[in-house]
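All remarks here apply to the structure that follows.
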């Protein structure tokens, strides 16, 4: 075993970059085959919405789901990219390659981060773990924005870890702005980025933090101004109220699959506009929280724990399967366990600056999403960070094992 590990380490040192490039190509090839296999199917409501907006953007230059009323329910970046591809005549199956391209680029980026923070072996292990975690390919095969968000999140960490100038931090801010306009909940992670910059760069970090946020705000402001001109209200999304109510009502479930109660609220708000409906849902959710403070707090903590679940509740029984649940258990479980072991060793092996950023982003996501509700799909962007950390930890573990054996070898002879 020791000889095999030694050869693997030498291979990574000598040909690690080529091996990672091969994994990137492999991810693209698998993505192409999976896209063709899925064809035109889009069974989920979210997929239908994104495709409808993309089609209206391509044909009418109008950001709308129904082609008649403006939309701010969906964040703009993902449907804009899809719309550009629709405009070029790309078929539905080909549109899926947007996500698979994002996944393949994420493979390269997490390898680059892990390699820089550990060794070539760590980078190769992080990239290879993508193929041991099939939910990432499943999510990429659907018209969900989480795969693109995963790429942007990894790119943000990559840039933040390397930035040393105002220009570089401004670039990171632009990426962060695009991330917020892909999945708006990432705006809640601004405090993580700002706190990390202060911790790592001291008072200079305050300047970098302001620069990152200012740069990101310029990107987000374009969409906010559009919404103000269209709806008369400065906002990023009109989906926050419904999403908040989904996870904060007397009828809410931890997994968020029981949505019958939402239909009743939707019916009551049917005559309201999109902005007014959002305000109504928000008010109902906040009313429940105010009137049931202890119950809401306990439920919030359960949702925090559920963020790390391997199982999703499903609205329709046909959407889930025992095999899918088992695959999630045997793939996510060991990864999460390795992360926990790594974090418990923080005194013996202190976290480096970038590793600290990865860890805080990953853990804090549970507390952010629990404000609303938690599902595996929402965790997908952060799971790229998990693979990066696990790859780095496995590299440390294997090299420690090799070094120990080498020290012990002379005494055994």
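Structural remarks
- Cβ crowding within 10 Å ranks 249, 321 as 321, 249, fewest other Cβ atoms first.
- Between helix 376-412 and the chain: long-axis angle, C-alpha atoms, 0 to 90°, nearest 10: 10
- Theoretical gain in end-to-end length, residue 270 to residue 348 [0.36 nm per residue, Cα-Cα removed]: 22.3 nm
- Helix-only arithmetic for the chain: the sum of -39500 (n - 2.57) across DSSP H runs with n ≥ 4, divided by the residue total, places the mean residue ellipticity at 222 nm at -24500 deg cm²/dmol.
- Equivalent ellipsoid, segment 257-390 (semi-axes from 5 times Cα gyration tensor eigenvalues, Å): 33, 20, 13
- Inter-label distance for residue 263 and residue 45, nm, one decimal - labels placed 7 Å from Cα along Cα-to-Cβ: 0.9
- Dimensions in Å of segment 253-303 - Rg and Dmax from alpha carbons: 12.5, 35
- Highest to lowest packing among 209-215, 379-385, scored as the average C-beta count within 10 Å: 379-385, 209-215
- Contour minus Cα-Cα distance for residue 399 and residue 64 (0.36 nm per residue): 115.2 nm
- In degrees, nearest ten, helix 45-60 long axis to first principal axis of the chain (Cα): 70
- According to the Kirkwood relation over distinct C-alpha pairs, the hydrodynamic radius of the chain is 22.8 Å.
- Placing pseudo-labels 7 Å out from each Cα toward the beta carbon at residue 330 and residue 21 gives an inter-label distance of 3.5 nm.
- Ratio Rg/Rh, restricted to segment 42-152 and using Cα atoms, in which Rh is the Kirkwood radius: 1.08
- Between helix 353-369 and the chain: long-axis angle, C-alpha atoms, 0 to 90°, nearest 10: 30
- Virtual spin-label span in nm between residue 32 and residue 198, 7 Å along Cα→Cβ: 4.9
- Among 264, 226, 348, the largest mean-square fluctuation in a Gaussian network model of the chain, built with springs joining Cα atoms closer than 10 Å, belongs to 348.
Rule-based calculations on the coordinates, nothing more; no lab input. Computed from a predicted structure; not experimentally measured. In this analysis, Cβ positions are derived from the backbone assuming ideal geometry, glycine residues included, and neighbour counts consider all displayed protein chains.
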